[in-house]
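Worksheet: one structure, shown below.
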Amino acid sequence: MEVYKADVAIVGAGGAGLRAAIAVAESDPKLKIALISKVYPMRSHTVAAEGGAAAVTRPDDSLDHHFNDTVGGGDWLCEQDVVEYFVAHAHEEMVQMEHWGCPWSRKEDGHANVRPFGGMKIERTWFAADKTGFHMLHTLFQTSIKYPSIKRFDEHFCVDLVVEDGRVQGVVAIEIATGEFRLIQAKAVIVATGGAGRVFRENTNGGIVTGDGMALAYRHGVPLRDMEFMQYHPTCMPRTGLLFTEACRGEGGFLLNKDGYRYLQDYGLGPPEDKPRNKFMELGPRDRLSQAFWHEQQKGRTIEGPFGSVVNLDLRHLGEAYLRERLPQIYELAEEFMGVDPAHTPIPVVPGVHYTMGGILADGKTASGLPGLYSVGECSSVGIHGANRLGSNSLTELIVFGKVAGDEAAKFAKATSISNPGAIEKQADAIQARALGIVNKADGTERIAVLRTEMAKSMESGCGIYRLGTTMQETCNKIDELKQRYKKLKVDDKSKVYNTDWLLAIELGYLLDVAQVIVYSAFNRKESRGSHQRLDGYEQRDDVNYLKHTLAYYNGDGAPRIEYGDVKITKSKPGTRAYGAAGVKADEERKKQGAANG
Amino acid sequence: MSNRRPYVRSMDGWWKRDAYFVSYMAREVTSVFVAAYAVVLLFGLVRLGQGEAAFNGWLQYLKTPWMLVFHVIVLAVFCYHTWSWFKIMPKTMPIMFVGGKRVQPGTITGTGLAAAVVACLALLFIVGGVS
Amino acid sequence: MADTEKIIEIEVLRYRPEQDKEPVWQSYKVPFTDDMSVLQGVQYIKDYLDETVSFRWSCRMAICGSCGMMIDDKPKLSCKTFLRDYYPGKLRVEALKHLPIERDLIVDATDFITKLESIKPYIIPKEERTLAQGEYLQTPEQRDMYEQFSSCINCMLCYAACPQYGLNPKFTGPGILALMHRYNADSRDGGQAERNELGYADEGYWGCTAVGYCSEVCPKGVDPANAINQNKMNSAINYFTRFVTPGGADK
Amino acid sequence: MKRSNEPIFWSLFGAGGMLAALVGPALVFITGIAVPFGLVFKPETMSYAHMLALSQNWAGKIFILAVIALFLWHAAHRIHILLHDFGVHAVTAVRVLCYGGAFAGTVIAAYTLLMIKA
């Protein structure tokens, strides 16, 4: 097997992986970086992020506001010390992106512009039209080319981490073009593989978002934290699940039910006003908006379309010129995919799975419990999203913690050396044999697409916007069953060149592990918080028993072992999570209490 | 040892593959007629230098039916050249703004075509007036 | 949108380097609904009819640039091309033209990537600025000068549309030259002279013959033909004035 | 990378193309159709005397040379590309043929015009 000796290996070349790679390269040009990605970097799913990236910018904003929005938005399940670091470093990272050429949308005076976003008190979302993720990804990828120490392994599929002497010392990847295996030795490994939205059926995620890094870390004993919190984005295309950015509402779009009524006012988000108002109505947080959709559906007030119930996203009053300037991609999606001209017709939308709040357990410096292993981005849980992520915090997370991960991994790599290369190579051979076993299996009967579809359907029914113990139990059983059937998987394609069938089979293994963690974590959380809402006697938040992080540990063939960890609270005690007029009142009360206590 | 064996497809007959390519090739082929027309003029000029008899011979030659057919075709080709020349023109110009608004490709093409009409008419009038 | 199921015939140009001497057409019958893209049709083939058909895809929303194919001989993103537009006839899908076929619908992108890396596709600052000094100021109009050219998703449809690239793969090609122009036209950048060493070569702007089809097929309105051809004038001016004004006519 | 010499040929090509696009149709109509067949203009429009007078005057000389030479350079450039497009890859031979032809035409036209004295 070909061996490449790196100091730091990074798995995943989306926003987080690229930012980390640049950080390593800038921290010490002598460090050799291996950047491994199963697709060309610019295909990574960061590309699809639309709305923007949050950073305190305006004089009337403050770090405290951003902190409070994030922690409250996350229903107090955030690591508050990490959030403090996050909000404090967001702005400089935006400026860094600007220096690297990111085409941020501008104000007339030449400064970067900001737009409002859901759950945010003050406008602080930096944006590049409605292609922010696209522009950030391409800027980072193109900038990374400047650094000769970054050696890219494009279209290399990571099959396992190599753990030797109790620490990570490399990864094994398949070169997709040839089917050959490569061992990439490294003193530190950063996992930046993105989320796992593909365990669900209707989702906004690209086909590559299959939880690879999560599953790999998990299988090596690193717990996955808070995986029950899956974000439903309230405005997606029916059936395909493609995303209509929250910026549609930030720019002033309305959500209407079948009577043309702005129904959000019935769910504690009102009163409605003509102009968008931060934290009111359509600018409420994503979990609340998706839940409101569910209730409307129960009341029979949604619209019946060819692909099920929908509500209308109404942008007509914004006018074509403004829409083309601010939301060109949305305009194009509606026109080309649905035949809807948003300047003249409302867009039918439904909630769809969008974002994995949980991830690989990491401390505020992105380090896992396994020495040498770091994680960053959607695959990671540094703890800023809690039970519900605020829109435009995730792109910022990529660059703020991408830099941290790079710096930390570089430090670790410099202080250590590879131990026992012979043992590492032996392990790599074993990993290769296991991966080849999947494709070379003689007696397989199960089809990849069948298992994947059954998994996604079951996850949708068990872990939807609202959850019940009984259906979650069914989904637990189903995923357990699918994991058994996975062992009998049949891979038709036996070739070595671009054998995508083989890769799908391996990805399905990752998906099933992550799906199992999600549903077991959800089943065990007997309360409602953020995006995890139950209807079977646990409708309330329960801070006494569940102001805790779920930690799911790999348990071989069996169900994951679920444990709980403490939540770090620094300056925001759990309070009422309210929006709209109720939110203003709650804020005032908190202030009064604070004054009384202080 | 690599299992890759990338397959390179032939470019033979590529210009027939797409209507767009056909129109591009038509544009390029106009050059043959431009050359032919220039050669006819060059011939006339050489004859002019050789004296009246030679030049009149050339003038007579222009009156043959073959030359009429030739010039009618050349005229059509020149019209196509003018149209295609200004059609591609927006691609050759930097992005321009007038009054804060981006100048649209159609405007550039239209302006070019209008200029050609004016120039042609001007030439016809000058020639008509002088003679 | 009627949701009744119809059947459409999709012919796929197959090429399996380990067994095929040359590409061969293979036909599949695919049930579809009116909302289904060509990509979804091909996915159906892989999921239910023939697992060995290989292709690239990811985002499904015309932004990741993975799923470009020749669809009835036109370069298109298969995720935003719809089966209904070809029914009741059949449709043919083939790997992007002018690029070597690695396997089935997958082309070899290494030449594209190598070229991308060669043009210094990053800001070479006109004046250095520290993070503490904040962002470079750039008016919306200055941004408009390059924004369109920064919208390239690297899908390579323009390469499949460019006969000059097909005839001579040394030509840098539309997408990459547009990207080069994107940085040259950025008010923050001062790297024009470095980049134009390539731009002014035969492999650069001068490899283009203004066919213009690249801009026609671009799914993002980048207009690479404009990015290239507007530079021919700069290049020519620079050619003739370089001895008079050292540093040339670069802005 | 080696700087291309295309700007020389491209500039001549562009000038010729522009001239042809602006006045080409009118010019063809006058010299090839209207005058020889007695349409629109007086029959003596292109008489020996008139043409001689035109070519004896400096502005006339420049106009005639511009039309003939630039049209030839314009055509030479495109024919050169056309041959390349059709897959003729004998680059040097094609160049010599195309640009050599245009050069020869230019020299002949210029020489003739210089020889015509006032």
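The values are calculated or read from the model by the stated rules, or taken from the named source; none is laboratory data. Everything quoted here is computed from the prediction, not taken from an experiment. Neighbour counts are summed over all protein chains in view; Cβ atoms, including those assigned to glycine, are modelled from backbone coordinates with ideal geometry.
Overview of values
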item	result
Test result for A:Val24, out of contact with any Pro (no Cβ under 9 Å at 6 or more places or on another chain), in contact (Cβ under 8 Å) with a residue 24 or more places away in the chain and within 30 Å of A:Phe153 (Cβ to Cβ)	yes
Search result, residues across the stretch C:83-93 that are closer than 26 Å to A:Leu333 by Cβ, outside any loop (DSSP other than H, G, I, E, B) and either of a type in the set (Val, Ile, Thr) or touching a residue at least 40 places away in the same chain (Cβ under 8 Å) (or both)	C:Leu83, C:Arg84, C:Leu91, C:Val93
Qualifying positions in the stretch D:51-60 - more than 7 Å from every other protein chain (Cβ to nearest Cβ) and in a helix (DSSP H, G or I)	D:Ala53, D:Leu54, D:Gln56, D:Trp58, D:Ala59, D:Gly60
Some residue of the stretch A:520-533 being buried (at least 19 other Cβ atoms within 10 Å of the Cβ), in contact with a His (Cβ under 8 Å, 6 or more places away or on another chain) and more than 14 Å from every other protein chain (Cβ to nearest Cβ)	yes
Restricting the stretch B:30-39 to residues that are without any contact (Cβ under 8 Å) to a residue 24 or more places away in the chain and either more than 7 Å from chain D (Cβ to nearest Cβ) or among the aliphatic types (A, V, I, L, M) (or both), the residue that is surrounded by the most Cβ atoms within 10 Å (Cβ to Cβ)	B:Ala38
Residues satisfying the stated conditions in the stretch A:553-598, i.e. acidic (Asp, Glu) and part of a strand (DSSP E or B)	A:Glu563, A:Asp566
Among (1) within 14 Å of chain C (Cβ to nearest Cβ); (2) modelled with pLDDT of 95 or more; (3) more than 28 Å from A:Ile465 (Cβ to Cβ), the one test that A:Arg326 misses	(2)
Unique residue being farther than 25 Å from A:Ile145 by Cβ, out of contact with any Cys (no Cβ under 8 Å at 6 or more places or on another chain) and buried (at least 22 other Cβ atoms within 10 Å of the Cβ) when the list is C:Gly204, C:Gly199, C:Gly212	C:Gly212
D:Thr112 at pLDDT 90 or above, at the interface with chain B (Cβ under 9 Å from one of its Cβ atoms), more than 21 Å from B:Ser84 (Cβ to Cβ) and not in a loop (DSSP other than H, G, I, E, B)	yes
Unique residue being in contact with a strand residue (DSSP E or B) (Cβ under 8 Å, 6 or more places away or on another chain) and either assigned to a helix (DSSP H, G or I) or touching a residue at least 12 places away in the same chain (Cβ under 8 Å) (or both) when the list is A:Asp75, A:Asp130	A:Asp75
Matching strands (runs of 3 or more DSSP E) fully within the stretch A:305-368 where at least 1 residues are closer than 30 Å to A:Leu161 by Cβ and within 26 Å of the chain's Cα centre (by Cα)	A:347-356, A:359-361
Among residues of the stretch A:51-71, those that are in contact with a helix residue (DSSP H, G or I) (Cβ under 6 Å, 6 or more places away or on another chain) and outside any helix (DSSP H, G or I), counted	6
Flag if D:Leu65 is surrounded by fewer than 22 Cβ atoms within 10 Å (Cβ to Cβ) and assigned to a helix (DSSP H, G or I)	yes
Single match in A:Gly580, A:Gly530, A:Gly594, A:Gly556 (criterion: at positive phi and free of Cβ contacts under 8 Å to residues at least 40 places away in the same chain)	A:Gly556
Residue that is nearest to D:Leu72 (Cα to Cα) [pool: residues in the stretch B:40-70 that are of a type outside the set (A, V, I, L, M) and at the interface with another protein chain (Cβ under 7 Å from one of its Cβ atoms)]	B:Gly49
Condition check for A:Met455: in a helix (DSSP H, G or I), within 14 Å of another protein chain (Cβ to nearest Cβ), within 30 Å of A:Lys526 (Cβ to Cβ) and in contact with a helix residue (DSSP H, G or I) (Cβ under 7 Å, 6 or more places away or on another chain)	yes
Candidate set: the stretch C:1-43, residues that are of a type in the set (Phe, Trp, Tyr) and either within 14 Å of chain B (Cβ to nearest Cβ) or under 14 Å from C:Phe82 (Cβ atoms) (or both); chosen: the one surrounded by the most Cβ atoms within 10 Å (Cβ to Cβ)	C:Tyr15
Qualifying residue in the stretch A:106-117 (condition: farther than 24 Å from A:Leu63 by Cβ, surrounded by 22 or more Cβ atoms within 10 Å (Cβ to Cβ), touching a helix residue (DSSP H, G or I) at 6+ places or on another chain (Cβ under 9 Å) and in contact (Cβ under 8 Å) with a residue 60 or more places away in the chain)	no
Residue check for C:Gly212: among the small types (Gly, Ala, Ser) and more than 15 Å from the chain's Cα centre (by Cα)	no
Number of the exception - A:Thr550 against (1) in a loop (DSSP other than H, G, I, E, B); (2) at pLDDT 95 or above; (3) surrounded by 13 or more Cβ atoms within 10 Å (Cβ to Cβ)	(1)
Whichever residue in the stretch B:2-22 is part of a loop (DSSP other than H, G, I, E, B) and hydroxyl-bearing (Ser, Thr, Tyr) and, among such residues, is nearest to the other protein chains (Cβ to nearest Cβ)	B:Ser2
Of all residues in the stretch B:71-86 being buried (at least 18 other Cβ atoms within 10 Å of the Cβ) and farther than 16 Å from B:Val117 by Cα, the one that is nearest to the other protein chains (Cβ to nearest Cβ)	B:His71
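This table checks each residue for (1) buried (at least 24 other Cβ atoms within 10 Å of the Cβ); (2) more than 21 Å from A:Ala387 (Cα to Cα).
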position: A:Asp61; (1), (2): no, yes
position: A:Asn68; (1), (2): no, no
position: A:Val71; (1), (2): yes, no
position: A:Trp76; (1), (2): no, no
position: A:Val83; (1), (2): yes, no
position: A:Met97; (1), (2): yes, yes
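Residue by residue, here is whether (1) outside any helix (DSSP H, G or I); (2) touching a residue at least 12 places away in the same chain (Cβ under 8 Å); (3) of a type in the set (A, V, I, L, M, F, W, C) holds:
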{"position": "D:Trp10", "(1), (2), (3)": "no, yes, yes"}
{"position": "D:Gly16", "(1), (2), (3)": "no, yes, no"}
{"position": "D:Val28", "(1), (2), (3)": "no, no, yes"}
{"position": "D:Ile33", "(1), (2), (3)": "no, no, yes"}
{"position": "D:Phe37", "(1), (2), (3)": "yes, no, yes"}
{"position": "D:Arg78", "(1), (2), (3)": "no, yes, no"}
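Results for (1) in contact (Cβ under 8 Å) with a residue 24 or more places away in the chain; (2) of a type outside the set (Gly, Ala, Ser), shown as yes or no for each residue.
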residue	(1), (2)
A:Arg225	yes, yes
A:Thr235	yes, yes
A:Arg239	yes, yes
A:Gly268	yes, no
A:Asp274	no, yes
A:Asp287	yes, yes
A:Ser309	yes, no
